[in-house]
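To keep things clear, I will list the structure first and then write my remarks on it.
Where a number appears in this text, it was derived from the coordinates with a stated rule and is not lab data. Just so it is clear, the model here is predicted, and its values are computed rather than measured. Cβ placement follows ideal geometry from the backbone for every residue including glycine, while neighbour counts extend to all protein chains displayed.
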Amino acid sequence: MKPGSTPGAGAQGQSVKALETTARTRMEKVVADLMHAMASIRTGRASVNLLDAIRVDYYGTPTPVNQVANLHVPEANLLTIQPWDVSQINAIEKAIRGADLGLNPMNDGKIIRVPIPPLTQERRKDMVKHLHTVVEDHRVAIRNIRRDVNDQLKKLLKDKAISEDDERRGLDEVQKLTDSEMKKLEDAAKSKEKEILEIK
């Protein structure tokens, strides 16, 4: 059967297109989430993103550090944190110490200084291992999206809402999209790994 040779062909093409668009949006979110997760994986250089995952108990509400203080990188191996409310300085320091980032913050009552120690070879290897785990979780998320969309395409075919040609085209498009988003994950991971292993 030629694509579009059944009644309502316009609508059929639409549902395949809509699924492709949904897949693209969901996969792009996974890639964006990986970028965010990688920003808080420590390299030998100071970066305000290191503290992205840290939450401070701000009057009973877990709040991101950057929402309770100004963060700066005055030197390549130093972070400074200036709380907007000085009474929060100990809570911020405690949150950083408890975050298992291997950081040792110090405060002078007004500002917190966080020296970024050079990474040992051992710590670098641990970071790379952690990076691989994070990347694998995101790979799985993309494969799950592909499976979801493929299942929906098969269901549309079974319900005779689309033709076999439409389904084949949809499956091909979703595979191309999967390959392209997977490549973004791999490239980002390689670049981050290089950054972790680079000795300054």
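Quick look at the numbers
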quantity: 3J(HN,Hα) from dihedral phi, segment 25-35, Karplus parametrisation 6.51/-1.76/1.60, rounded to Hz, x for glycine, proline; calculated: 4, 5, 5, 5, 5, 5, 5, 4, 5, 4, 4
quantity: Most mobile of LYS183, LYS29, LYS158 in a GNM of the chain (Cα contacts under 10 Å); calculated: LYS158
quantity: Net charge contributed by nearby residues that have their C-beta within less than 13 Å of ALA23 (K/R +1, D/E -1); calculated: 0
quantity: Charge-dipole axis of the chain as Lys and Arg at +1 and Asp and Glu at -1 on Cβ define it, positive-most pick from ALA91, GLN152, HIS36; calculated: GLN152
quantity: Computed [θ] at 222 nm, helices only, for the chain once each DSSP H run of length n ≥ 4 contributes -39500 (n - 2.57); calculated: -20000 deg cm²/dmol
quantity: Extension reserve of the ASP52-GLU75 stretch, reckoned as 0.36 nm per residue once the Cα distance is removed; calculated: 6.4 nm
quantity: Relative contact order %, segment 6-162, counting alpha carbon pairs below 8 Å whose residues are six or more apart; calculated: 24 percent
